[in-house]
Amino acid sequence: MNSCLQPTYFLDCDHPDIRRAVQQIAGDCKNQMEALQKIFLFVRDQIPYNMYAVSGNPIYYKASKILEMGNGYCVQKAILFTTLGRAAGIPSRLVLVAIRNHLTPPDVVDILGGNVFFPHAYSQFYIEDNWVNVAATYDRPLCERIGAAVPEFDGRSDTLLPATDLSGRKFIEYIEHYGIFDDLPWQLIVDKMPEYYSSGLDEWFVDEPAYIRYKRSGSGIG
């Protein structure tokens, strides 16, 4: 259990910015459950989902860097969520999976070569003598835009991505489970990615997130 409270390379819960953020988000909370709910809302909505934040450079997966960027895709948001939990004194760890998004937009299917997303990650927290699975992946504006239920977390129950959208269409399907980790298993991710993406990795999984490159060039995304 102690390992789920310790700082790591990616989950740098001892970083001053991480500690400051936890104090600002949950400093007045009465207990860990309340603190975790507030942290969940912060990561869900104040760190918007951005699939173009993906990178092949490990620095963009450090929690303090993700906090600085102010956005991220699923893995980055899970890293930040898990790290903020540790900084609040809540045992926290990462779950690595692959998912299928049945509502993936056609342009994204063209980029990825399909509707399977790997890596995908969510967080686990030890609350009231129980491990709880929580994904703070999609922010409220995104959910409203795509017609999906906005994820809510009561502090004690599993909150993962929904199997259907609000119209009853198939949405998220968890297809592979790679394990539970005290830190981001970077080399495992790098080794497994070619199994999911037969082409495009040289352009997609590169040193700098696409949104930063596009912002610097002054061009739009997509």
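The values are calculated or read from the model by the stated rules, or taken from the named source; none is laboratory data. In this text, all values refer to a predicted model and were calculated from it rather than measured experimentally. Virtual Cβ from ideal backbone geometry, glycine too; neighbours counted across all protein chains shown.
Sort out which residues of region 11-34 are within 13 Å of Ser92 (Cα to Cα) and either assigned to a loop (DSSP other than H, G, I, E, B) or without any contact (Cβ under 8 Å) to a residue 60 or more places away in the chain (or both), and write them in order of number.
Leu11, Asp12, Cys13
Starting from residues that are among the hydroxyl-bearing types (Ser, Thr, Tyr) and farther than 16 Å from Ala163 by Cα, keep the ones in region 95-135 and report whichever is nearest to the chain's Cα centre (by Cα).
Filtering region 95-135 down to residues among the hydroxyl-bearing types (Ser, Thr, Tyr) leaves 104, 122-123, 126.
Add one more test, that the residue is farther than 16 Å from Ala163 by Cα, and what stays is 123, 126.
Working: Ser123: 8, Tyr126: 18 Å.
Top of the filtered list is Ser123.
Between Ile59, Ile79, which is modelled with pLDDT of 95 or more, closer than 18 Å to Tyr211 by Cβ, part of a helix (DSSP H, G or I) and in contact with a strand residue (DSSP E or B) (Cβ under 8 Å, 6 or more places away or on another chain)?
Ile79
Looking only at region 97-114, count every residue that is modelled with pLDDT under 90, in contact with a Gly (Cβ under 9 Å, 6 or more places away or on another chain) and hydrophobic (A, V, I, L, M, F, W, C) and tell me the total.
Qualifying residue count, region 97-114: 3.
For region 110-165, give me the residue count where each residue is surrounded by fewer than 20 Cβ atoms within 10 Å (Cβ to Cβ), of a type in the set (Val, Ile, Thr) and not in a strand (DSSP E or B).
Within region 110-165, residues that are surrounded by fewer than 20 Cβ atoms within 10 Å (Cβ to Cβ), of a type in the set (Val, Ile, Thr) and not in a strand (DSSP E or B) number 3.
Kindly evaluate Cys13 against the criterion of being over 30 Å from Asp165 (Cα atoms) and buried (at least 19 other Cβ atoms within 10 Å of the Cβ).
The answer is yes for Cys13.
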